[in-house]
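**Student:** Quick one: the structure is below, questions incoming.
FYI, it's all coordinate maths here, none of it is from the lab. Please read all numbers here as calculations on a predicted model, not as lab measurements. All Cβ positions, glycine included, derive from the backbone under ideal geometry; neighbour counts span all protein chains shown.
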Amino acid sequence: MTYATETRDLTRIFKRKPKRHLLKRKSAKKNEKENGGPVTALDHVNLTIKEGELFGLLGPNGAGKTTLIKVLCTLLLPTSGSAYVAGFDVSKEVNQIRRKINMVSGGETSGYGLLTTRENIWMFSQFYGIPSKVAKERIDELMHTFGLYDKKNVKVRTLSTGERQKMNMIRGFVTDPEILFLDEPTLGLDVNASRTIREYIMNWVRKREHKTVLLTTHYMMEAEMMCDRVAIIDRGRILALDTPANLKRMIRKESTVQLEVDTLKSTAPIGGIKGIGNFSSKDDIAHGTTNLTIIVEDESAISDIMSAITAQGSRIRSMRKTDPTLEDVFISMVGKGLEE
Amino acid sequence: MFKQAAWLGWEMDSNWTEPGLFLIYSIIKPVAGAFILVLMSFVALFIGTGNPDLGKSAMFAYLFVGNAFFIYVASVLFGCFQVIQSDREWYQTIRYVYMSPINFYTYIVGRAASKVLLATIATAVTLAFGVFALHIDLSMSLWDIPLFLAVMVIGLLCVVAIGLCLAGLSFLTAKHTHGLAEGIPGMFYLFCGVIFPLSVLPGWGQSVGRALPITYWLEAIRRLILPSSQIAQVTTGLEQRDLAGIIALLLISTAFFFLLSILLFRMTEYLARKAGIIDMTTNY
Ligand SMILES: Nc1ncnc2c1ncn2[C@@H]1O[C@H](COP(=O)(O)OP(=O)(O)O)[C@@H](O)[C@H]1O
Ligand SMILES: [Mg+2]
């Protein structure tokens, strides 16, 4: 059986960080200097995704998720190693691949502003050779599902960001691809729209045979709730790959303690405590607190943690032990949270 | 798929809520552009020759026809160049078009098709103005019409081929490299005998002109639509060749540019994928 996608020692190095013109000139220059060298966006990635899977790639910003998607979508060549989609080589057999895939990337507002929503989606469907009538029926149906039907004859340039994102989601589904790549599909969407999209994706994979979705996200909950298997990625490397349940089982013998304390001057003393694994800390300036998530390997460490905090004159406002989440798995492996 | 790309191009070029605005942008602007250049040469010629009846001057007819048909070159080249730039920076759709099964090369030709149509109208308007207001003699025998149409088709293919070369290059260039979009047509303007004959150029310039298909295209058109008495008065630098020879050169150089465009496209596309800049935006 061929896999939906397969990578072998896939590595992608960028010569330099992209310039961010959004930043002020001065700081852009400084940034360039600081981050001057080459960036390894994907570092010997070996990943196979099976046909019919809803596969999640979970990692913080800059982990290499988008880069992997771009390589698989034939937009970007690997620096070394290889990648296959539906059994075809992304470097050489692009035409065979392109017929079978589609991609949607969240949090962006692409689209031909001067076309109507429906025309815009229709046009892309035509690039895939979908019979026009079939395409139009699918578009209407999808527009109903995503709550965009009343905007079907509206110019794309007048759509809100969220509406454009829904339009692009429809653009992805309308070609009925064998493999669909979704890059942070719910980024920036409101709760309701996110839920609709998540449910649609799950149904789409589960109700049809042979449909594969590779979804990237930095929302732990999204990966946990939706995906059959999840790969955790950071700095271009796959750190773990399993079902969400098995990933959490990896740290089950450990427990997670969450503390809310007065803003800590330093978290260094906590790192030195015996019996704890990795931890993450996030300052909440508005409340003058620090939120700590600590993977505790040995319960007796908890009292040491508490005294390390009070020794700084900081008050413990709350503390609870929680069931491990995928974020905890990430913290235990990387030593920082997903959104840091 | 060509059809949809052409449709998109047409929607973009014609999508003005005001038909008046549409006319101004798509037709009057290129026509006016051609006229500014005509006017400049008019003045230059007048100073040079002191001849007040320029409408009847062979030299003036020569440059007028060159300018009118150059509208094709300018607008199709710009159209091709701008496809990648606008899809990349403005609509941000390039990655979705690029990763779809449509051949990007076909896509660009499709998008430029509406430019050909609009340029045809603009050129016709310019010529009509020349004939009726400036009394330029245009004469073509009925027998020559099929040949003229054939020359037009080859010439357009040739302009599209050059446009595709430009589009290929723009895979690798950022938005501010507009120099490419203006510089290359400018080069054709200087070297292809648009506004003055090849014979005016220094030796190396003439060699450049002789290597460019636009030179032969414009020459063939002039020989077909201007009276032969006028043609004979202008030292074009191409008189040693008969019309058949000119058309043969046009065909050969057009074929060459098509091959070049395909090679360039393959190469720049590969380099852009390698560098990860297919869908780069300059972000400002
Ligand atoms: N076109 C590019 N040029 C240079 N560096 C890039 C480019 N695209 C991504 N990178 C770098 O590669 C790394 C991974 O980026 P990306 O794949 O976008 O991460 P993610 O999608 O997980 O947030 C980051 O450090 C990013 O700055
Ligand atoms: Mg990303």
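**Student:** Which whole-Hz couplings ³J(HN,Hα) result when phi for each residue of the range A:151-167 is put into the Karplus expression 6.51 cos²θ - 1.76 cosθ + 1.60, θ = phi - 60°, listed in order with x for Gly and Pro?
**Tutor:** Per residue, the Karplus-derived 3J(HN,Hα) values read 9, 5, 9, 9, 5, 4, 5, 8, 6, 6, 4, x, 5, 5, 5, 5, 4 Hz.
**Student:** Name the residues of the range A:308-340 whose amide N is less than 17 Å from a point 7 angstrom out from the Cα of A:R235 along the C-beta direction?
**Tutor:** The answer is A:330-340, whose backbone nitrogens lie closer than 17 Å to the label point.
**Student:** Output ³J(HN,Hα) for the range A:188-195: one whole-Hz value per residue in order, computed from phi by the Karplus curve 6.51 cos²θ - 1.76 cosθ + 1.60 with θ = phi - 60°, and x for Gly and Pro.
**Tutor:** Per residue, the Karplus-derived 3J(HN,Hα) values read x, 8, 6, 4, 5, 4, 4, 5 Hz.
**Student:** Using alpha carbons only, how many degrees (0 to 90, rounded to 10) separate the axis of helix A:25-34 from the longest principal axis of chain A?
**Tutor:** 70
**Student:** Could you tell me how many degrees, from 0 to 90 and to the nearest 10, lie between the Cα long axis of helix B:243-275 and the main elongation axis, the longest principal axis, of the Cα atoms of chain B?
**Tutor:** Helix B:243-275 sits roughly 20 degrees off the main axis of chain B.
**Student:** Which one of A:E199, A:E224, A:E51 has the biggest mean-square fluctuation once chain A is modelled by GNM with Cα springs under 10 Å?
**Tutor:** Maximum fluctuation in the GNM of chain A, among the listed residues, is at A:E199.
**Student:** Scaled to the compact-protein estimate 2.2 N^0.38 Å, what is the alpha-carbon radius of gyration of the range B:2-275, rounded to two decimal places?
**Tutor:** 1.03
**Student:** Here's a follow-up. Output the 0 to 90 degree angle, nearest 10, between the alpha-carbon long axis of helix B:213-225 and the longest principal axis computed from the alpha carbons of chain B.
**Tutor:** Rounded to the nearest ten degrees, it is 40.
**Student:** Now, a different point. If amide H atoms are built 1.01 Å from N in the plane of the peptide, which residues on other chains or at least 5 residues away come under 5 Å of the amide H of A:T5?
**Tutor:** Close amide H contacts, sequence-distant or interchain: A:I49, A:A86.
**Student:** Taking Cα pairs under 8 Å and at least six residues apart, what relative contact order does the range A:253-323 come out at, in percent?
**Tutor:** 48
**Student:** For the modelled label position 7 Å from the Cα of A:T322 along Cα-to-Cβ, which residues of the range A:191-223 have backbone nitrogen atoms closer than 14 Å?
**Tutor:** The answer is A:219-222, whose backbone nitrogens lie closer than 14 Å to the label point.
**Student:** Is it possible to state the helix-based mean residue ellipticity at 222 nm for chain A, with each DSSP H run of 4+ residues giving -39500 (n - 2.57), the sum divided by total residues, to the nearest 500 deg cm²/dmol? What is it?
**Tutor:** Working: 12 runs with 116 residues, N = 340.
Computed mean residue ellipticity for chain A: -10000 deg cm²/dmol.
**Student:** What is the calculated FRET efficiency for B:K274 to A:R99, with r their C-beta to C-beta distance and R₀ = 22 Å, to the nearest 0.05? All intermediate terms of the calculation are to be shown ahead of the outcome.
**Tutor:** Working: r = 23 Å, r/R0 = 1.05.
With a Förster radius of 22 Å, E is 0.45.
**Student:** Within 10 Å of each candidate Cβ there may be at most 11 other Cβ atoms; applying that plus a DSSP loop requirement, which trypsin sites (Lys or Arg not before Pro) in the range A:173-255 survive?
**Tutor:** In loop regions of the range A:173-255 (DSSP not H, G, I, E or B), the sparsely surrounded trypsin sites (Lys or Arg not before Pro) are A:R208, A:R252, A:K253.
**Student:** Here is a further query. With a/c under 1.5 counting as rounded, go ahead and sort the range B:70-117 into rounded, prolate or oblate using the C-alpha gyration tensor (a ≥ b ≥ c being the square roots of the eigenvalues; past the cut-off, prolate if a/b is larger than b/c, else oblate).
**Tutor:** Note, shape of the range B:70-117 comes out oblate.
**Student:** Please label the shape of the range A:116-209 as rounded, prolate or oblate, based on the square roots a ≥ b ≥ c of the eigenvalues of the alpha-carbon gyration tensor (a/c under 1.5 means rounded; beyond that, a/b larger than b/c means prolate, else oblate).
**Tutor:** oblate
**Student:** Another question, if that's okay. Given contacts defined as C-alpha pairs under 8 Å and at least six residues apart, what's the relative contact order of chain A, whole-number percent? Show your work: numbers first, answer last.
**Tutor:** Working: 680 pairs, mean separation 64.0, N = 340.
Rounded, it is 19 percent for chain A.
**Student:** Classify the protein assembly as shown: rounded, prolate or oblate, from the alpha-carbon gyration tensor (a ≥ b ≥ c, eigenvalue square roots; a/c under 1.5 rounded; otherwise prolate if a/b is larger than b/c)?
**Tutor:** Prolate shape, in that a/c is at least 1.5 and a/b is the bigger ratio.
**Student:** Run the numbers for B:I252 and B:M140: contour at 0.36 nm per residue of separation, minus the present Cα-Cα distance, in nm.
**Tutor:** Full extension of this stretch gives 37.8 nm more.
**Student:** List the residues whose amide H sits under 5 Å from the amide H of A:G277, counting only those 5 or more places along or on another chain, with H placed 1.01 Å from N in the peptide plane.
**Tutor:** Those qualifying (amide H under 5 Å, at least 5 residues apart or on another chain) are A:I295, A:V296, A:E297.
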